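Trainee: Structure below; questions to follow.
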Amino acid sequence: SYCDLGRVPSKTVLAGIRDALEGDQKKNLDILLTSPEALAAVMSEDISLTLREFWELVLGPTPEMGLGTFLQVCARQSYRTFTIASSPLSTPGRIHIAASMLSKELPSVEATVQLLQKCGLQNVTATQLLPRRFSGVCSRWLCTELKAGISVLSRVRASAFRLPAQLDAPIIMVGAGAGVAPFRAFVQHLRSPKVKETPDTMLIFGCRNAESDWIYKDELQQAVKLGGAAGRMQVGARRPLCNYYTAFSRQAGQPKMYVQDCMRQNSEQIKEWWGRGARVYVCGSTGMARGVVAALMEIVDCTEKDLTTSKRLILEAWG
C-alpha cells in the first residue's frame, strides 16, 4: 500500500503516536485530541490540509519523528471506484471509464492557525497562509498523467447498477457530469444487435456548461429515436433512446437548470412511465441524488419508503 500525503491522520492514528512525541509536540497533540473544536478544524474538508500542513500546524515545521512513526501516522491510499462507461457487447475486452478531475480553490489556513492558538496549541505556524488549490490525487493523475502503455492496477467487481434481465418496462436514467458513465454503457448495450427488444428509455443529463462539460454529446444524440418516444423509424445504427433531455447549470445567458428541474418539466411523461412499471436509475453526487429523489417523490406522489419498497429506484452516488 502507498502513503497518502494529501490527508490528515485519523484521530485513532494520532492517539497511537502520542507516546512517540515529547515537549510541545506532545502537549499540542493532547490538546488536539481533547478539543472537538480544534480537531474539527484540522480535519475539515473545507481547508483539506495535507499531511505536511498538518505537521506544521500541530507538530511544528520540523517534527522529530522516526521513519517507523511516520509510516504509522501516514494514511494509506484507498482504492477509487469508477462506474464502467462501456458495454462488453460494444467493446469486448475493453473497459471505458469517465473521470472528472477534482480541483478546487482552498481558503487560507490563517483562520485555522488563530483557532488552534485560541485552543492553547503552542508554536503554531504555517508557511502557506494564502489560498491554496486542492487537486484529487487519483483524478488528476488519470486526467493529466496517464498515457498509453502505462499499466494500471485495477479490478472489476459486480454491481447492482445494471439493466434488468427482462427489458419489459420503461427505463429512466438521470445522471450529472461523469454520472452519465453507466448510461452510456446502457445505451451501448441496447444498441447491440444481440439485444432483440428494447424498452422505452429516457436519459436526463446535466452538467455546468454545454460547450465544455457535455460529455458523449454526439454519441448519445445519435442514439435518439427519430420521432421521439412515438417514433419507430430506424435509420442506420439502432437508436434505443426515446428521449434525451439536458440541463445546464452554468450556461451563459440562461437560468440555472439542474436535472431535478428537468424532471419536473417532464413530469407528466415520467409519471406515466412510472405507472407502467418504469425503473429509475440515478448516478452522480450525493447532493444531486437527493434532489432527484425529492423530485421523483413529488412527481409520482409517494414517499421515500415507497420508492425503497418498490425496488424500482437504483442509486449510485458519491461525495
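Values in this text are rule-based calculations from the coordinates and carry no lab data. Predicted, not measured: the structure shown is a model, and the values here were computed from it. Cβ sites come from the backbone with ideal geometry, for glycine too, and all protein chains shown count toward neighbours.
Trainee: Which of 135, 48, 151 moves most in a GNM of the chain, Cα contacts under 10 Å?
Mentor: 151
Trainee: Which residue, 297, 173, 202, has the most motion in a Gaussian network model of the chain that connects Cα atoms within less than 10 Å?
Mentor: For the chain, modelled as a Gaussian network with Cα springs under 10 Å, the answer is 297.
Trainee: Looking at the chain, which longest stretch skips every one of the GluC sites (Glu not before Pro) that is in a DSSP loop with at most 11 other Cβ atoms within 10 Å, leaving the sites themselves out? Numbers along the way, then the final one.
Mentor: Working: sites that count: 22, 45, 145, 197.
In short, 198-319.
Trainee: Here's something else I'd like to know. For Cα Rg over 2.2 N^0.38 Å, pick the label among [x] 1.14; [y] 0.94; [z] 1.25 that corresponds to the value derived from the coordinates.
Mentor: Label of the calculated value: [z].
Trainee: Using a ≥ b ≥ c from the Cα gyration tensor of region 234-317 (square roots of the eigenvalues), is it rounded, prolate or oblate, where a/c under 1.5 gives rounded and otherwise the larger of a/b and b/c decides, a/b for prolate?
Mentor: Note, shape of region 234-317 comes out oblate.
Trainee: For region 258-264, what does the Karplus curve 6.51 cos²θ - 1.76 cosθ + 1.60, with θ = phi - 60°, yield as ³J(HN,Hα) per residue in whole Hz, taken in order and with x for Gly and Pro?
Mentor: Couplings: 10, 4, 5, 5, 5, 4, 5 Hz.
Trainee: Rank 157, 264, 76 by mean-square fluctuation in a GNM of the chain with C-alpha springs under 10 angstrom and give only the top-ranked residue.
Mentor: 157
Trainee: Taking H placed 1.01 Å from N in the peptide plane, check which residues at least 5 places from residue 136 or on another chain put their amide H under 5 Å from its amide H.
Mentor: Hits under the 5 Å cutoff: 102, 103.
Trainee: Around residue 123, with a cut-off of 12 angstrom between Cβ atoms, what is the net charge of the other residues, counting Lys and Arg +1 and Asp and Glu -1?
Mentor: For residues surrounding residue 123, the net value is -1.
Trainee: Provide the per-residue ³J(HN,Hα) series for region 11-26, in order, calculated from phi with Karplus coefficients 6.51, -1.76, 1.60 and θ = phi - 60°, each as a whole number of Hz, with x at glycine and proline positions.
Mentor: So the Karplus estimates, Gly and Pro as x, are 4, 5, 5, 4, 5, x, 9, 3, 5, 8, 9, 9, x, 4, 4, 5 Hz.
Trainee: What residues qualify as long-range amide H neighbours of residue 97, i.e. H under 5 Å apart, gap of 5 or more or another chain, H built at 1.01 Å from N?
Mentor: When sequence neighbours closer than 5 places are left aside, the close amide H contacts are 85.
Trainee: About the Cα centre of region 180-319, how large is the charge dipole given +1 on each Lys and Arg Cβ and -1 on each Asp and Glu Cβ? Please answer in debye to the nearest 20.
Mentor: On the way: 20 positive and 14 negative charges, 89 e Å.
The calculated dipole for region 180-319 is roughly 420 debye.
Trainee: Among 182, 158, 135, which residue has its Cα positioned farthest towards the positive end of the charge dipole of region 127-189, with +1 placed on the Cβ of Lys and Arg, -1 on the Cβ of Asp and Glu, and the dipole taken about the Cα centre?
Mentor: 135
Trainee: Just tell me which lysines come within less than 19 Å, Cα to Cα, of residue 27; anything on the same chain fewer than 8 places away is out.
Mentor: Straight-line reach from residue 27, under 19 Å: 11, 118.
Trainee: Which residues among region 21-61 fall inside the zone where the amide N is under 13 Å from a point 7 Å beyond the Cα of residue 110, along Cα→Cβ?
Mentor: Nothing falls inside the zone, counting backbone N under 13 Å.
Trainee: Return the sequence-ordered ³J(HN,Hα) values of region 196-207 in whole Hz as given by the Karplus equation 6.51 cos²θ - 1.76 cosθ + 1.60 applied to θ = phi - 60°, using x for Gly and Pro.
Mentor: Once rounded to whole Hz, the list reads 6, 10, 10, x, 5, 10, 10, 10, 10, 10, x, 7.
Trainee: Can you bin region 173-292 into rounded, prolate or oblate? Criterion: square roots of the alpha carbon gyration tensor eigenvalues sorted a ≥ b ≥ c, rounded for a/c under 1.5, prolate for a/b above b/c, oblate for the rest. Can you show the working numbers first?
Mentor: Working: a/c = 1.71, a/b = 1.40, b/c = 1.22.
Note, shape of region 173-292 comes out prolate.
Trainee: So, one more: To the nearest Å, what is the center-to-center distance of region 105-178 and region 42-60, using C-alpha atoms only?
Mentor: Result: 17 Å between the Cα centres.
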